[in-house]
Amino acid sequence: MKVTVHIDHARSPVKITAEDMSVIRKSVEEALSPEYVRDAESGIAGFLSDDDRLEVNVLLVSNQDIKALNSEYRGIDRVTDVLSFWSDFEPCEIERLRKAGEAVPIGDVVISTEKAGEQSQEFGHSFRRELAYLVVHGVLHLVGYDHQVEEQKCRMRQAEERILSGLGLTRTQQ
């Protein structure tokens, strides 16, 4: 799969470096590799092929922004670390995009960089590792992984750790 990643960090109160941007892109690309997409149990994954062109938006925001999104879309009045909003396509629409040579927009991953910074300190690893984890976690949700379903939780966690380890972002890496 060929992946295009759009990153918007204009609303992030945390400075995002060129290296952070590179890690975000690599994290999305790895999470959308055929191995992980095929392993998803639901969602859009069942409609994708290895030859598809995919597109993902990553928005880096403040605690205030993500709290407002949680309130508006989930009825939850609190700050969370990551939200995923998948594109709701019918199989015929995906086929139309393929025939037109267009990318299939998978969805949006929204991350509070403030929360990522807090969690990196809490868990004792780097901000970059936490940011990559949240990106991978969000993208896996976009293709159909759901850690709320007990049978899928372990498989999702294993995929996250394999991807991050492959990027050299281990739990002990600073």
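Would you please name the residue that is farthest from GLN119 (Cα to Cα), looking only at residues in the range 49-100 that are at pLDDT below 90 and either buried (at least 18 other Cβ atoms within 10 Å of the Cβ) or not charged (D, E, K, R) (or both)? Looking at residues that are at pLDDT below 90 and either buried (at least 18 other Cβ atoms within 10 Å of the Cβ) or not charged (D, E, K, R) (or both), I get CYS92.
Condition check for VAL139 on (1) touching a residue at least 24 places away in the same chain (Cβ under 8 Å); (2) more than 14 Å from GLU35 (Cβ to Cβ); (3) not hydroxyl-bearing (Ser, Thr, Tyr): one failure, at (2).
The set of residues from the range 90-118 being assigned to a helix (DSSP H, G or I) and either over 18 Å from VAL143 (Cβ atoms) or of a type in the set (Val, Ile, Thr) (or both) comprises CYS92, ILE94, ARG96, LYS99, THR113, GLU114, LYS115, ALA116, GLY117, GLU118. Consider the range 136-162 and keep the residues that are of a type in the set (A, V, I, L, M) and within 12 Å of the chain's Cα centre (by Cα). The one that is surrounded by the most Cβ atoms within 10 Å (Cβ to Cβ) is VAL139.
On the given criteria, is ILE94 in contact (Cβ under 8 Å) with a residue 24 or more places away in the chain and within 13 Å of LEU32 (Cβ to Cβ)? Spelling it out, it is not the case that ILE94 is in contact (Cβ under 8 Å) with a residue 24 or more places away in the chain and within 13 Å of LEU32 (Cβ to Cβ). Among the residues of the range 1-56 satisfying the criterion of being among the acidic types (Asp, Glu) and not in a helix (DSSP H, G or I), which is nearest to the chain's Cα centre (by Cα)? Among those that are among the acidic types (Asp, Glu) and not in a helix (DSSP H, G or I), it is GLU55. Restricting attention to the range 70-89 and to residues that are in a loop (DSSP other than H, G, I, E, B) and among the acidic types (Asp, Glu), the residue that is farthest from LEU142 (Cα to Cα) turns out to be ASP77. Go through the residues of the range 75-89 one by one and say whether even a single one is of a type outside the set (Lys, Arg), touching a Phe, Trp or Tyr at 6+ places or on another chain (Cβ under 8 Å) and under 24 Å from LYS26 (Cα atoms). The answer is yes; a qualifying residue exists.
The values are calculated or read from the model by the stated rules, or taken from the named source; none is laboratory data. Fair warning: this is a prediction, and the values are worked out from it, not measured in the lab. Please note: Cβ atoms are built from the backbone with ideal geometry, for glycine as well, and neighbour counts cover all protein chains shown.
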